[in-house]
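J.: Here you go, one structure.
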Amino acid sequence: MAARLSEARELHTRALRIRESVLGPHHPATAASLNNLGNLAAREADLESAERLFRRALSAREAALGPDHSDTSATVHNLARLVERQGAFEEAEALYARALAARDAALGAHPFTASTLSSLGRLLQRRGREGEAMPLLRRALAIREACLRPGHPDTLGSMRDLGKLLQAMGQGEE
């Protein structure tokens with residue numbers, strides 16, 4: 001597995017170098033390479049590199065596509081997940097909220113929107129704000145039930161998240 005990740009890193013790095021030299025630092029394809037490398041670095045727990053890459057990708061996507069484009073919101077969501085892992089909960093909340101607003105506007109009831117709803121809902125629950133988390137987790141589940149098959153892992157994850165929240169709020173029977 002480590003060899004495959006190393007190979008993937010080499011290929012993504014090579015693609016980034018080519019895209020930067022041919023297309024420039026703010027081209028959407030360059031930003032996609034930065035985002036891909038950020039995801040890989042996060043997977044390898046190289047959080048500093050991941051953050052640097054996501055912030056570069058975000059800057060490039062904002063410059064090329066604007067702050068509300070669905071690709072920009074994907075990088076915002078990725079950065080939010082990362083800073084949450086680093087314990088920067090206030091920044092993560094603000095980033096998730098930003099990603100959610102953009103995804104709602106650009107995509108509506110879409111699995112990507114549900115992903116951000118779930119992430120923000122779990123973060124709010126983690127911060128003791130169960131009442132704010134509840135409608136987000138319910139909406140994420142509704143979107144996933146409508147867009148994905150009933151047994152899809154993401155739908156089941158939403159059921160689990162909502163069940164944990166209800167149990168924490170003393171409503172385990174629901």
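The values are calculated or read from the model by the stated rules, or taken from the named source; none is laboratory data. Source: prediction; values computed, not measured. Neighbour counts run over all protein chains shown; Cβ positions are idealised from the backbone, glycine included. For the accessible areas, the whole protein counts, side chains as well, though only heavy atoms, and no ligand, DNA or RNA atoms are used. Shrake-Rupley method; radii C 1.70, N 1.55, O 1.52, S 1.80 Å.
J.: Can you give the FRET efficiency for residue 109 and residue 156, using 1/(1 + (r/R0)^6), R0 = 25 Å, r = Cβ-Cβ distance, to the nearest 0.05?
T.: Given R0 = 25 Å and the Cβ-Cβ separation, E is 0.85.
J.: In Å and on Cα atoms, what radius of gyration and Dmax does the chain show?
T.: So, for the chain, Rg and Dmax equal 17.3, 58 Å respectively.
J.: Got a number for carbon plus sulfur as a percent of the range 1-125's accessible area, 1.4 Å probe?
T.: Here it works out to 53 percent.
J.: What is the gain in length, in nm to one decimal, between residue 68 and residue 145 on full extension, counting 0.36 nm per residue of separation less the C-alpha to C-alpha distance? Write out the running numbers ahead of the final one.
T.: Numbers: separation 77, 0.36 × 77 = 27.72 nm, distance 2.58 nm.
Once the chain is fully extended between residue 68 and residue 145, it gains 25.1 nm.
J.: Using only Cα atoms, locate the centre of the range 144-165 and the centre of the range 1-67, then give the distance between them in Å, rounded to an integer.
T.: 30 Å
J.: With the contact rule set at Cα under 8 Å and sequence spacing of 6 or more, what percent relative contact order holds for the range 36-174?
T.: 14 percent
J.: Rounded to the nearest 500 deg cm²/dmol, what is the calculated helix-only ellipticity per residue at 222 nm for the chain, with -39500 (n - 2.57) per DSSP H run of length n ≥ 4?
T.: -27500 deg cm²/dmol
J.: For the Cα atoms of the chain, what angle does the longest principal axis make with the long axis of helix 47-65, in degrees from 0 to 90, nearest 10?
T.: 80 degrees
J.: Using alpha carbons only, how many degrees (0 to 90, rounded to 10) separate the axis of helix 153-168 from the longest principal axis of the chain?
T.: 50 degrees
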